[in-house]
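Structure, as structure tokens:
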Amino acid sequence: MSSRHHDIADDLRHQITTGRIKPGERLPSEAGLADRYKVSTVTLRRALAVLQGEGLVEKIHGRGNFVRGPLRKIMYVGGWGTLDPWTAAETALSVTVRSTTVQAHGHLTTLLKVPAGSPLAEFSCISHEGESPHGLARIYIPRDLAPAGVLDDESSCWESVTRFAVLSVPSAAARETVCARPPTPEEASTLQTNSMAPVLAITRVATDFTGRVVEAALLVFPGDRVDAVFTTHHTTDERQTQA
């Protein structure tokens, strides 16, 4: 026997998929829907959580529940730390960046291989398509490698295009660790995603030709809004070519 909140989710889903409730339209208030279906707000929120988990509805803090439009994915190009310019252009993507100076602590000392307390430039980045967030990143660079003038204003903000990394000097190598996991409460709030929907988390560490870590980037994308592509280039052993 189906539970009441699933019956409500089925009814709302039918209205959405048949176009009775259109993409971008705000649903009635939770109290109003609960009254309409003669259930408690707890039961109603369970029904909405089902639709949020399916990507049909998104809850925007302070504004209410909205029907989501068709999701358009962007592409993260592994090894370069960029969002593919073609898909980024198609979705009119912008990246808002805020910068500040912090001291290395905890896992940052390990990632950047620096002593605790070392000054780091921190860049907090959020990519958007209109009001819809597509990804976020925290990028850390040794303070002496930060681009000139960027940190003159400790709370500077500017519009970037597609690059999430590398922001510092050119790197010789980059190692990326990728995993799928539930978002933290802060990530779920920033990305406006369901707390149970998986995110794609990428930890990217770039080094220069001497082996010094020049950048560490912690990237997080909703799993349904991005594809990550990694290309491997095979080299031929010179001994084989000379044989």
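Derivation of every value follows stated rules applied to the coordinates shown; laboratory data play no part. Because the structure is predicted, anything quoted here is derived from the model rather than measured. Methodologically, a virtual Cβ is constructed for each residue, glycine included, from the backbone with ideal geometry; neighbour enumeration extends over all protein chains shown.
Of note:
- Label positions at E54 and A228, each projected 7 Å from the Cα along the C-beta direction, are separated by 2.9 nm.
- Pairwise FRET efficiency - H128 versus F209, Cβ, R0 = 45 Å, nearest 0.05: 0.80
- Long-range Cα-Cα pairs in region 4-67 (distance over 17 Å), rounded percent: 31 percent
- Each residue in Y140, Y37 was given a count of other beta-carbon atoms within 10 angstrom of its own, and listing them fewest first yields Y37, Y140.
- Relative contact order (percent, whole number), region 4-67, Cα cutoff 8 Å, 6+ residue spacing: 42 percent
- Positive dipole terminus of region 4-67, leading residue within P28, I8, V50 (C-beta point charges): P28
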